[in-house]
Structures are given as C-alpha cells and as structure tokens.
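Values quoted throughout were computed directly from the atomic coordinates according to the rules given, and no laboratory measurement underlies them. What you are looking at is a predicted structure, and each value in this text was computed from that prediction instead of being measured. For neighbour counting, all protein chains shown are included, and Cβ atoms are generated from backbone atoms with ideal geometry for every residue, glycine included.
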Amino acid sequence: MQNDTPKASSPSSSSGIEPVKPLGDPNCPHCGGAGYIRYDVPLGDERFGKLETCVCRAKDVAEAARSRLFAMSNLNRLSHLTFENFVPAGNEKAKFMTAQERENLRAAYEASEEFARAPQKWLLLEGGYGCGKTHLAAAIANFAVNMGTPTLFITVPDLLDSLRFAFADPETTFEQRFEEIRNAGLLILDDFGTQNATPWAQEKLFQIINYRYINKLPTVITTNLMLDEIEGRIRSRLQDEEFVKYLKISAPDYRRPEETSNPGISMLSLPEMKAMTFKTFQPRDDEVGTEAVTTTTVEKADRFGNKVKSKEITRVKVTKDDVKTLHEAHNAAVEFAEKPEGWLVLLGDSFSGKTHLAAAIGNYRIGLGGQALLVEVTALLDYLRQTFGKNSDVSFDRRFHEIRTTPLLILDDLKESGAGSVWAEDKLYSVLNYRYNAHLPTVITSTLRPEAFALSYPNLWNKLLDPEKCQVLVVNMPPYRRVAKGRGRKGK
C-alpha cells in the first residue's frame, strides 16, 4: 500500500494563520495525519484514484456513523421504552385478553430480549395497533445503542423521506445516506407497510431489505400487515423460516384495554355467554310428557297463488325421543370441546339449547388457554363491511383473514339463503369453504331444518354430509321455559 497523499506542511508561525488540525493521527505510518490514503493500484481497479479513510480514523468514523444513525432514529423520545418497563402479561386492565394472547405476547417479549442480547438474523413482529410491537422494537434499539452497536430505528415512511431529502441535503449525498442505512449495524424498521408505495419507494425499500438479506445483517421489522399483503419479493425473504423468526402478537391494544382484541366481535366476552357452560346446561329430562307451546313457520299460498310464510302457535308434548336429541347434542358438544376436530352443526328451533352448547364449547377451549370466536352470522358480515368505511383503520383482507383462520370459529344463527345480500352470502361461503379445506374446527348453529338447509346452501350441505369430517345433529325440543329467578329453570 502506498500513500500518495502529501503530508500537510507546517505553516510559519509568523504567518498569523492558525495551524490546521490534522484529520488523522500525526504519527500514522500510512497517512501521516492526513486522515485519508490513496492505494497504488493499476488503472481499472475500482479503488484507482479514490481517497479512502485511513485506519487511524476508524474509531472516529464509527462514532460519527453511530451519532448520525442515532440522530436519524429519534431515539431520544423513545428512550423510555425498555424491556424493564414492558409488561409481558399485557395491560392488567384488559377485560378480554385470553390466555393464548398472553402467551404469544410473552413469547414475543422473550424473543425480542434474546435478539437484543445477540443480534443475529431477522426478527419479524406482526400485530395490530397498540399490541406492544413498537415498544419491543424500541427496547431492542435502546439496548443495542447502550452496547455501542450502530443502530438505526426508524419508521418506513421516515426512512423513505430521509432518502428523498438527501437529494437536497448539502451535507451528504443520496448515495452516502443510502449506504449508511443499508449497512447499519442493526436496522429496525417500524410500521412496515404504512409507507406510500410508489414504484420508487418500493424499489428502494426492496434494495435495502434485499441487501441486508444477502449480507445476513441483523434486522427487526414490525408490521400490522399480514404476510400476504406484503410485496411479493419482500414477502419471499420474510418467509425464510431458517433466517427470519416470525412472531404474531394477538394481544389487545394497551391503550384501549376496555376493548376486545382482534377480531373483536366474539360474544364469548359477554356476561350472558360466559354463563353458558357445560355445568350450567340443563338436560330437561323432567319435561318428558309435559305439554309445551312452540311457534313454527309454515309456508302457504295466498289467494293469488303466491307462496307466503306465516307463523303458527302449536302445542306439543315432549317425548323421550325429543329429550334424547338434546342429550346427543350435549354429548357431541362435550366430545368436540375436548378434541375440536372437523365440524359440528346443531340444528333446531330457537331457545332449544343450541347456542348454549356452542358457547359452552368456546368457553371450555378458552378455559384451557385456547382461542375461540363465537359470533352471530349477521354480526360477522357487518363486521366485514365496516372495513370499507372511510374511518376504518384495518383492511378487509386482514379482517377476512383473521376470521377464516381463527383457531375455532363458532357461527351462531345461520339463516336461510336470501336473508342477506349476494355479497354477504358469497363472503360467508368463502369463509366456510376455506375452513373446510384447511380442516379448521368449526361449529354452526341454525334454526333451519335439514331440508331447508340443503335448499339454502346446497354446496355447503354436500360438504356437511361427509361423516368423517362433519357431524350434523337436530335438536327436536321446544324452547326452554322462561320462569322468574328463584322459581325454577331459566331458559336458554
């Protein structure tokens, strides 16, 4: 290596000019204090004619780089976000947080702390707003900065703005800023997916991520997007299971602990539904031989020959066979709750016990630390429609994905075809068809009788006829009797 950079001469003390402080070490054998060197290489070499920072300045250059990255990170305002003040159990005021949600929040906390102590490979944290992912990412950044690691913590929109502003920055060039970002010792990209996805922005973001992926540089990414919503080239790299540790946080919003977590519509959090357990279920054996009043819907022809539906009140006597259908439904529900596999469909009149058994299944699974979502079909479809509102902070695709992939879905009160719009029925069938093909446990209750069910949903009914995957039970019981508290049974 040859130093072709001349040493600065010492100015005369009589000149009145202050001596220039050398950039490098005056005793450096390579640069003699100039701070830069030029390699003696042949024409054509990429280093030919270029000045490069001397090794004697490595510490100062590294410190300057750390300072620039820290300034870009704005970590001063996030210095309070540490592992010490993160609550792995979630907000203690959260009313509807399940054991499963607490478990995956703790798993994310432990994985983040482990990553901070030894930043290797990539960590991907996915979750809704306020679930704690930014706190964990900032805690990693603060820990790394304290350890002296050159760290850049930045939201993706701010990163792209920083690159854009570099074009007009007199103190740096775009190329220098770009190199600094993609070569950061630790890069933490917060809120990935909220950026304005112009072609230029998408390409620069991909170049940064691809460079760090190829060079195996430690990286943390937080996002509220599903992997399916992320641009294909980036998603492909994030799906490298050997290199990327992917954790999904389903905990509710720390800032709004009174609200339910996503998907946020389960009726199992309601007091009435919480009370519906297998212990509180009443088999109604004492009603055999008694007379009950029931309302049935019948189809008649009016005077013009048009078919119309009307309701009729009839009196029926409860038989042993009627009670037997309730026992069979109860036994099937208990068995399903113990081992939720396949589908369970409960058909019968209103207040015959179907919803109680469905809720009991959900409550049992939650009691074991699992997850279950019980929702009326009409409420589910309204929930999906809300994503099209201008104030919605979540996409339809995300909510649709959450519903159709939830570990245990319990759909209450499936009505006959035509009760909703074509769009609603199409989305409902898409949810059920996906779950059927994915072998995801599902419970359905409906007042439809088998014949009416087959007419309303022929494609779905054909799936339900497979006895290896589905069990369809009809409860032939009149509504539970409603009596005042303290005077006997309360209806369900």
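By the scheme Lys and Arg +1, Asp and Glu -1, what is the net charge of all other residues having a beta-carbon under 9 Å from that of Thr222?
-2
HN-Hα J couplings of the range 116-133 from phi, Karplus 6.51/-1.76/1.60, θ = phi - 60°, integer Hz, Gly and Pro as x?
Karplus values, whole Hz, x for Gly and Pro: 4, 6, 9, x, 9, 6, 10, 10, 10, 10, 10, x, x, 4, x, 7, x, 5.
Cut-off under 19 Å on the C-alpha distance; same-chain residues fewer than 8 positions from Lys204 excluded. Which aspartates and glutamates are left, in chain and number order?
Result set, ordered by chain and number: Asp158, Asp161, Asp169, Glu175, Glu179, Glu180, Asp190, Asp191, Glu229, Glu231.
How much length would be gained if the chain were fully extended between Asn306 and Phe165, taking 0.36 nm per residue of separation minus their Cα-Cα distance, in nm to one decimal?
Difference between extended and current length: 43.6 nm.
Per residue of the range 456-471, what does 6.51 cos²θ - 1.76 cosθ + 1.60 with θ = phi - 60° give for ³J(HN,Hα)? Whole Hz please, x for Gly and Pro, Karplus curve as stated.
Listing the rounded values in order: 6, 10, x, 5, 5, 4, 4, 5, 5, 6, 7, x, 6, 10, 10, 10 Hz.
If the cut-off is 16 Å between C-alpha atoms, which aspartates and glutamates fall inside it for Lys324, apart from same-chain ones fewer than 8 positions away?
Asp285, Asp286, Glu287, Asp349
Too long at a 29 Å Cα-Cα cut-off: which of Lys427/Lys469; Lys248/Lys390; Lys317/Lys463; Lys133/Lys390?
Lys317/Lys463
Based on the Kirkwood radius over alpha-carbon pairs, what value in µm²/s does the Stokes-Einstein equation return for the translational diffusion coefficient of the range 77-155 at 25 °C and 0.890 mPa s?
Once the numbers are plugged in, D ends up at 185 µm²/s.
If you place +1 on the Cβ of every Lys and Arg, -1 on the Cβ of every Asp and Glu, and leave all else neutral, what size is the dipole of the range 314-465 about its Cα centre, to the nearest 20 Debye?
In debye, rounded to 20, the range 314-465 gives about 20.
Indicate the gyration tensor shape class of the range 319-430 (rounded, prolate or oblate), computed on the Cα atoms with a ≥ b ≥ c the square roots of the eigenvalues: a/c under 1.5 is rounded; otherwise a/b larger than b/c is prolate and the rest oblate.
Here the range 319-430 falls in the oblate category.
Through the Karplus equation 6.51 cos²θ - 1.76 cosθ + 1.60, θ set to phi - 60°, convert the phi angles of the range 330-335 into ³J(HN,Hα) values in whole Hz; use x for Gly and Pro.
Here the 3J(HN,Hα) series is 4, 5, 5, 5, 4, 4 Hz.
Rg and Dmax of the range 109-255, using alpha carbons, in Å: what are they?
Gyration radius and largest Cα-Cα distance of the range 109-255: 14.8, 45 Å.
How many angstrom lie between the Cα centre of the range 136-166 and the Cα centre of the range 318-350?
56 Å
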